[in-house]
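Here the structure is laid out as structure tokens; the discussion comes afterwards.
Readers should treat all values here as calculations from the given coordinates under stated rules, not as data from a laboratory. As the structure is a computational prediction, the values presented were derived from the model and not from experiment. Counting neighbours? That spans all protein chains shown, and the Cβs are built from the backbone with ideal geometry, glycine included.
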Ligand code: C2E
Ligand code: MG
Ligand code: MG
């Protein structure tokens, strides 16, 4: 029986779980909500069947004959994973409270919860909008338990129309849930721990943008869970270890000890599948915390004056990679490397000279390198613009990163000696859903063509996004559809096997 309960499994969301080995901090990076409309992976062969059968699948919802509790296929491992977070029965924490408040607001719903699904119970870490709810309910009363078991976003528009849910104490009694949307919280072991869910007291649907926001917030909940696990495994208060790690002496030592490594993400010609460039994205392989993404340490690098030292390291490693690829059998045209450069680096005396020196030391030319700058750069003044001119003068590509998110005016941007505009993921991920985003993309492509600039589209997660972008005339793309950022060895393997074609 098909009724009003949909399991909308998120292609990108689940794929991220499966890709943990590729990008070890995947829980921090769980992907964009836009994949919400793209289907559909469950488990095993059923997953494959459902994937091949199209978009927006609704799974027959359980009826009376299936009254028992659904269990995740790896339930025992799931429970072990859940316990490792040491979160059950802990006190409220503001991060989770904020997530529920924002989730309710984003979905225009009266109530939201973060809950963990334990062996026999659903335990609430944070509840917004429901007074007097017990701290846990029996698992047989839990809708979230099904979202966890199926590792899918679960949407129930009318709980009373589904016998399984109509029987739940949360539906039949207080608080009287009539509509539900829950996103599984998939942790570092690629196993679902609980959900972030919103509920309503009336029947209703949830728009795709509401579900997208819910998924995005679920990602931030997962980030907090991961930090908690790391700290609690070391007997620390949540957040404490990371704070200590960002101490300037520790950061400097980490640079010197080679704990910062580049991962690489291909930039692909979406027509031919050829890898045109590899973007270096720095990660900190912390001996205790594991792999930490840049958002967690770059601000501290800037604050402590270590950004230049780190940046030079990233550049040197990327150029070594460019040299190394030339001697790998099976790679035809070695791609160029792209390196992100902050305003601090650009503004530091002699930046372009240092780049020229690093290139010539390796017998590379400017054409082997592209640097990526952000929209804050035009606001930094003439000295920075002069550095960029110098780099262009020796043939280094200059890409404007995250285009579409900053405050720079078109005039300021056009002042810069650019070769490429990188369209930000926020625009790219919206092209399949929003005519406005598509219009911005199309007009940027036209503008770029007139100015003889390349356009590269960031954050492509689905083939539907790629197809819209290709049809709009875009050529270069980057994103999880092609490959996540992966370490040096995996990058080489991916190039040799030609696996980044999307
Ligand atoms: P960015 O240069 O815009 O890099 C793209 C970011 O998007 C990367 O995050 C990448 O992992 C992520 N990404 C790529 N494809 C997808 C996708 O399909 N979906 C989603 N949801 N995300 C995707 P990451 O590695 O965490 O880097 C974040 C930012 O940190 C970078 O943004 C860049 O501004 C900065 N950064 C990274 N490495 C360096 C560095 O060596 N130096 C400087 N100055 N900044 C760096
Ligand atoms: Mg970049
Ligand atoms: Mg970017």
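Label sites at residue 394 and residue 489, each approximated as a point 7 angstrom past Cα along Cα to Cβ, lie 3.3 nm apart. The Kirkwood hydrodynamic radius of segment 365-502, based on inverse pair distances between different Cα atoms, is 15.9 Å. Between residue 259 and residue 328, the contour length at 0.36 nm per residue exceeds the Cα-Cα span by 22.3 nm. Between residue 467 and residue 105, the modelled label-to-label distance comes to 3.7 nm, taking each label 7 Å out from Cα in the direction of the beta carbon. With an a/c value of 1.5 or above and a/b not larger than b/c for the gyration tensor axes a ≥ b ≥ c computed over the alpha-carbon atoms, segment 204-358 is described as oblate.
The stretch between residue 434 and residue 75, if pulled fully straight at 0.36 nm per residue, gains 125.4 nm over its current Cα-Cα span. Computed from the C-beta positions of residue 83 and residue 174, the FRET efficiency with R₀ = 35 Å rounds to 0.70. What FRET efficiency, computed as 1/(1 + (r/R0)^6) with R0 = 25 Å and r the Cβ-Cβ distance, is obtained for residue 382 and residue 250, rounded to the nearest 0.05? E between residue 382 and residue 250, to the nearest 0.05, is 0.10. What is the distance in Å between the Cα centres of segment 447-502 and segment 333-390? Each part's Cα centre sits 22 Å from the other's.
The overall shape of segment 244-497 is rounded: from the C-alpha gyration tensor, with semi-axes ordered a ≥ b ≥ c, the ratio a/c is less than 1.5.
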